[in-house]
Structures are given as C-alpha cells and as structure tokens.
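S.K.: Have a look at the structure that comes next, please.
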Amino acid sequence: MEIPYTVSARPDTGLYNAKIGIWLFLASEVMLFGGLFSGYVFLRIGAQPGYWPHGLLNVPVGTMNTAILIASSVTVVLAWASLKMRQFAQYKIWMGITILCGMLFLIVKLTYEWPAKFHHFGVYIKKDAMAKYEPYLGNNYLAAKGLPPRVEITGDVEDEEALKDETSKTYVFKSLDAVSAEPTNPESDRPTFWPRPLVEKRVVIDKADVDFASMFYPRHSSFFSSYFLITGLHGLHVLGGLIVFTYFWLPVGANLYKRNPEHLANRIEVAGLFWHFVDLVWIFVFPLFYLL
C-alpha cells in the first residue's frame, strides 16, 4: 500500500505529511530545550555570589563551532536547492560538506573541549579562610568595585593521581588560571575572547580550608552540570542529523532520486528543517555559556 501525500501536498494543509510531522516534532523540541534553558537561567539567578564561574570556556573555539554550524545550515539549503533543480552531483557535494561540518563540530567538542574540562581543577574556599588566600581571590579589589566576591581557585594540579590520596592534607596547583593568578586584573572580571594562558605558579591549598574540590565534571557546579547536559543533548541532535544526512548521501539517496527526485528533495527539506533547529539551539547556547 502506498502512503499518500509523501510527495504531493495535502489539500487541507497545503503541506506533505513529513513536513507536518517535522513541525510537530520541532514544537516538542522547543519545549524540551526551552525548559532546559529556563532552568539554567533560574539556577544562575539563584546562585550565591561567587559560586557561578566566569570565563572558563574557550570563546574562540565556541565561535569557530558556531561558524561551522551556520555554514552547514547554508550548505544543506544548497543541497536541497540542487535537488529541486535536478542537479544530483551538486547535491552530493553540498551534502558532503554539510556532513563534514557536522562531524568537525562533534570532533572539536568530544576530543578538545570536553576533555580539557576533565583535567582542570577547582577548589571552593571556606568563608573563614578567604583572607588566607586573598592573593588568589582578590576580594578586596572586587569589594572596592562593588563586585561579588570570588570563592574558587582554579588551575592545573601537579599530580592528578595524588587527588585520590585520602591521607593527603593539601591540594597542590602547578599553574593557575589567569583569573586566580591575577585576580585584580580588570580583564578577569568578565570572559575575554582570546583565552589568557595558564600562569605557572605553584600554590598549596590546605584541604581544611576547602569547602569542595573537583575537576570540572558535571558534579563540580550547577554551571558545569548545565553545560554538559545541554551541550551533550545538543551533540546527540547533531549526531542524529548526521546519521540521516549520511543515509540519504549514500546509495540509498541515489536510488530514491532515480525513482522519484521530488521525494528525495522533500526528505532533505525535512532533515534540513531539523538541522536549522539544531543550529538555532546552539546560537542560544553560545552566548549563554560562553559570553555571559
């Protein structure tokens, strides 16, 4: 039995079935990500002063990934337009570029951005010990400027294996983030586009003075739990889009094109609408996590 309206439009809606379906699906996706973004905003508003990190994400890398996704949204439209003009060879080229962009986005995220967080360390200093670590917190300077205090010192530790030693009474940093090494530098008050390099500075922190310490895992803070949840879910959507694009880029797409070129064009249009939504979600992720 042939399913009706897979190519031609329904007379009551003016749309073919798949296009109606994708818009309904995207409506549910808006509610999903809308809820997550709303939760992130409320967590940030409700965070205690000094407990919400700033400037710990790589802005140039985030900018590059944003440009990659925007470019892929353009190429997927060109792939669809090529099918509408019955230029299958051009479709293969533009769709191949789209797939390459999506793969590059995921590779950067999974092999560079996320692993870097798993080797970065932060300690939250107890309130009664903040004066002891004033050179790395700069709270006197912040108070004079009317800014909230800092409570966290971040950087790279000398020996990650030593963190598992429960008998040790100290945490030893081999280098500090610029915000901890130079807390009175005005550039430390907000994220900067070009990341400032780690400063080689050996600092010993007494565990008795620490409220909480962790690598930048999801459990480190509400910021990183939100970051990994939302970017991870977004990454799964990118992967899903790549699977669909690759399916139609392989001989399956060529066979469908031979049977009915318009049917393939419709499928790419529907997949493209999903891809544009994925791109739009990232355009919200980038300023919320990387810039603000």
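A short reminder: the numbers here are calculations on the coordinates, not readings from a lab. Here the structure is a predicted model, which means the values were calculated and not measured. Reconstructed Cβ throughout: ideal geometry from the backbone, glycine too, with neighbour counts over all protein chains shown.
S.K.: If we keep just the residues of segment 81-124 that are of a type in the set (Ser, Thr, Tyr), assigned to a helix (DSSP H, G or I) and touching a Phe, Trp or Tyr at 6+ places or on another chain (Cβ under 9 Å), which is surrounded by the fewest Cβ atoms within 10 Å (Cβ to Cβ)? Before the answer, list the steps.
M.R.: So in segment 81-124, the residues of a type in the set (Ser, Thr, Tyr) come out as 82, 91, 98, 111-112, 124.
Still in the list and also assigned to a helix (DSSP H, G or I): 82, 91, 98, 111-112.
Narrowing the set further to residues that are touching a Phe, Trp or Tyr at 6+ places or on another chain (Cβ under 9 Å) leaves 82, 91, 98.
Details: SER82: 20, TYR91: 27, THR98: 28.
Step by step, filter segment 81-124, then rank; the result is SER82.
S.K.: Condition first: under 23 Å from TYR227 (Cβ atoms) and either of a type in the set (A, V, I, L, M) or without any contact (Cβ under 8 Å) to a residue 24 or more places away in the chain (or both). Now tell me which residues in segment 46-81 satisfy that.
M.R.: Correct list: GLY46, ALA47, GLN48, LEU56, LEU57, VAL59, VAL61, MET64, ALA67, ILE68, LEU69, ILE70.
S.K.: Also: Please find, within segment 201-227, the residue that is farthest from PRO287 (Cα to Cα) out of those that are buried (at least 17 other Cβ atoms within 10 Å of the Cβ) and among the aromatic types (Phe, Trp, Tyr).
M.R.: In this case the residue turns out to be PHE216.
S.K.: Now for a different question. Against the conditions (1) in a helix (DSSP H, G or I); (2) in contact with a strand residue (DSSP E or B) (Cβ under 9 Å, 6 or more places away or on another chain); (3) acidic (Asp, Glu), where does ASP159 fall short? Just the number, please.
M.R.: It fails just one condition, (1).
S.K.: What tally of residues in segment 239-260 results from selecting those that are surrounded by 19 or more Cβ atoms within 10 Å (Cβ to Cβ) and out of contact with any Phe, Trp or Tyr (no Cβ under 6 Å at 6 or more places or on another chain)?
M.R.: Final tally of qualifying residues: 5.
S.K.: Still on this structure, I have one more. What's the total number of residues in segment 246-282 that are over 17 Å from THR66 (Cα atoms) and aromatic (Phe, Trp, Tyr)?
M.R.: Residues in segment 246-282 being over 17 Å from THR66 (Cα atoms) and aromatic (Phe, Trp, Tyr): 4 in total.
S.K.: Then there's this: Would it be correct to say that PHE223 is closer than 30 Å to MET103 by Cβ, in contact with a Lys or Arg (Cβ under 8 Å, 6 or more places away or on another chain) and of a type in the set (Phe, Trp, Tyr)?
M.R.: Yes.
S.K.: Ok, one more. Among (1) over 30 Å from GLY235 (Cα atoms); (2) surrounded by fewer than 18 Cβ atoms within 10 Å (Cβ to Cβ); (3) not charged (D, E, K, R), which single condition is TYR133 missing?
M.R.: (2)
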